[in-house]
1. Considering only segment 164-185, how many residues are touching a Cys at 6+ places or on another chain (Cβ under 8 Å) and either β-branched (Val, Ile, Thr) or more than 11 Å from ligand 2 (Cβ to nearest atom) (or both)?
2. When the residues of segment 157-177 are narrowed to those that are free of Cβ contacts under 8 Å to residues at least 60 places away in the same chain, away from ligand 1 (no atom under 14 Å from the Cβ) and in contact with a Lys or Arg (Cβ under 8 Å, 6 or more places away or on another chain), which ends up nearest to Ser86 (Cα to Cα)?
3. Which residue out of Arg149, Arg161, Arg137 is away from ligand 2 (no atom under 16 Å from the Cβ), among the basic types (Lys, Arg) and surrounded by 13 or more Cβ atoms within 10 Å (Cβ to Cβ)?
4. Tell me which of these Val15 doesn't satisfy, since it passes every other one: (1) touching a Pro at 6+ places or on another chain (Cβ under 8 Å); (2) of a type in the set (A, V, I, L, M, F, W, C); (3) modelled with pLDDT of 90 or more.
5. Would you confirm, using the coordinates I've provided, whether Cys216 is over 16 Å from Asp231 (Cβ atoms), near ligand 2 (Cβ under 10 Å from one of its atoms) and modelled with pLDDT under 95?
6. Could you tell me which numbered condition Tyr8 fails, if it satisfies all but one of (1) hydroxyl-bearing (Ser, Thr, Tyr); (2) assigned to a loop (DSSP other than H, G, I, E, B); (3) without any contact (Cβ under 8 Å) to a residue 40 or more places away in the chain?
7. Give all pairs with beta carbons closer than 9 Å in which a residue from segment 213-235 that is farther than 13 Å from Glu199 by Cβ meets a residue that is within 9 Å of ligand 2 (Cβ to nearest atom) and among the acidic types (Asp, Glu); count only pairs at least 6 apart in sequence or on separate chains.
8. Here's a check for you: in segment 30-59, which residue that is outside any helix (DSSP H, G or I) and among the polar types (S, T, N, Q) is nearest to Gly95 (Cα to Cα)?
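The values are calculated or read from the model by the stated rules, or taken from the named source; none is laboratory data. All of these numbers come straight from a predicted model, not from anything done at the bench. Because the Cβ atoms are built from the backbone with ideal geometry, glycine has one as well, and the counts that use them run over all protein chains shown.
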Amino acid sequence: MVPVPLRYPLDHFTVLARGLGLKKQDMPIWAMRADGVLAIDRALTLSRPSTVRILSVGGPAVDGPVHVKAVPGYPIQRIIDPRVSSRPVRIISGGVMTGSRLPDNQLGLDVECNGLTVLPERQNREFLGFLRPGYDRRSFSRCFLSSLRHGVAERLDTALRGERRPCISCVACEEVCPVSIMPHLIHKYLHQDLLEEAEWTGVKRCIGCGLCSYVCPAKIELRAQLTEACDRLRTELQTGKVTR
Ligand code: SF4
Ligand code: SF4
């Protein structure tokens, strides 16, 4: 047993293996989450397939975070409704950093879903919101008053809190990236549709942790852009449009 510090994104197997000194160049990593181990145990000891998944259900709009057992296809609203007292909400499949918004027309759990995060949906602008000094906002760049307080409870909802802007080259995204690539540079290449240049700059090393998007003061969706670029590269390598 090796104790692992609770640091994000150490739940990502490749980063974890590298942090523990297990990852050698080009060496494949095999890993399994706890529910996979339980499924194998069930198959070996009871000779039964495991169709039930264990989901975490949490987020600021949930009255009490829980783990639930459910089969793929189970109605999502039946899981959410008894645990959410105020509406409207936004349901995320996965966690806040790496999850994706569930489409309104998706009624049942899909096979890949390992958790649901529910956020209060903020649809209106705050009255005189720009005057707020930010006692309850965490910021990497220490531009809110919350940076003077320790252990501040962050108010988490779907509000953008400010407008999107062009990159200001603060390199905060580069400082936090756990795989040491330069998201701001890749973002600029992708903005000009220079996919090969993005590949040379290491876009394929991105693990999609979302830290760059979280810290970006210009609110650029870096994670989404880099993940989409990786998907495009994969497709284009298969069809021979991009060569190594
Ligand atoms: S999502 Fe951003 S911070 Fe995370 S690995 Fe990719 S580029 Fe780096
Ligand atoms: S954090 Fe955002 S604004 Fe700063 S360099 Fe990266 S992309 Fe640009």
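1. Total meeting the criteria: 4.
2. Ala159
3. Arg137
4. The failed condition is (3).
5. Here the answer is yes, as Cys216 does meet what is asked.
6. (3)
7. Listed by first residue and then by second, the contacts come to Val215/Glu175.
8. Ser56
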